[in-house]
Amino acid sequence: MTVYRRRLTSSFYAVQQSLKRRLAFLRGQAGLGLVEDDLEQEELSLDVDELDLADRALFHEEIEYVEDFVHALGALGGNDSKVEQLLKDLRQIFRQRDTVIVFTQYTDTMDFLREQLRQSYGTQVACYSGRGGERWDGVMWVPVTKEEIKNAFREGKAVKILLCTEAARPRVGGRSRRLVVTRNLKKVLRA
């Protein structure tokens, strides 16, 4: 349950994706329904170790509960107050600075944010995570090398917002960053 609480504080989208994976598992449509972000949590690995796959029939109540929760999350619509606040903060930041790095704990949250930011900032948004670098080319997200991402961000013209997972923090680093926003912790770190 700790993982789901953490994902909920990260974004509604992140917890919704986790719960959809859980539903697929409970219905026997997928493996454990976990991604690397989930498995990093020690509490969840203990639950996984105790899981008996032969007891799928016992999952009926949990399936109903998770379905209701996923439906309720979907009913919230696309409005996310954290995204609205981030957009507001970015407008203010760009009055004084050229670039910003936004870290988030989960890849699901990064994916959600990049779609939201892409609507306002288009090709000026890039991502870096365990999947590597990705940039919006005007049509779709395309893979690019870490060096391409770093160089474009350092130049500050083509890429103004770099979204990263926390796992990418040691790899991105560098002196070129001017401002770092850690979304899940509501911090702005000046470098």
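Structural remarks
- Some residue of the range 58-80 being at pLDDT 85 or above, among the aliphatic types (A, V, I, L, M) and either outside the structural domain of Gln17 (by TED's automatic domain parsing) or surrounded by fewer than 17 Cβ atoms within 10 Å (Cβ to Cβ) (or both): no
- Pick from the range 118-156, criterion assigned to a loop (DSSP other than H, G, I, E, B) and hydrophobic (A, V, I, L, M, F, W, C), ranking: surrounded by the most Cβ atoms within 10 Å (Cβ to Cβ): Met140
- Close pairs (6 angstrom Cβ cut-off, 6 or more residues apart or separate chains): closer than 23 Å to Tyr128 by Cβ in the range 82-105, assigned to a loop (DSSP other than H, G, I, E, B) anywhere: Arg97/Arg178; Asp98/Gly156; Thr99/Gly156; Thr99/Lys160; Thr99/Arg178; Ile101/Arg177
- Number of positions in the range 89-100 that are part of a loop (DSSP other than H, G, I, E, B) and under 13 Å from Val125 (Cβ atoms): 2
- Test: residue in the range 72-88 that is part of a loop (DSSP other than H, G, I, E, B) and of a type in the set (Gly, Ala, Ser): yes
- Selected residue (criterion: modelled with the highest pLDDT) from residues of the range 6-41 that are within 17 Å of Glu166 (Cα to Cα) and among the polar types (S, T, N, Q): Ser11
The values are calculated or read from the model by the stated rules, or taken from the named source; none is laboratory data. A quick note: this is a predicted structure, and the numbers were derived from the prediction, not measured. Ideal geometry is used to build each Cβ from the backbone, glycine not excepted, and the neighbour counts take in all protein chains shown.
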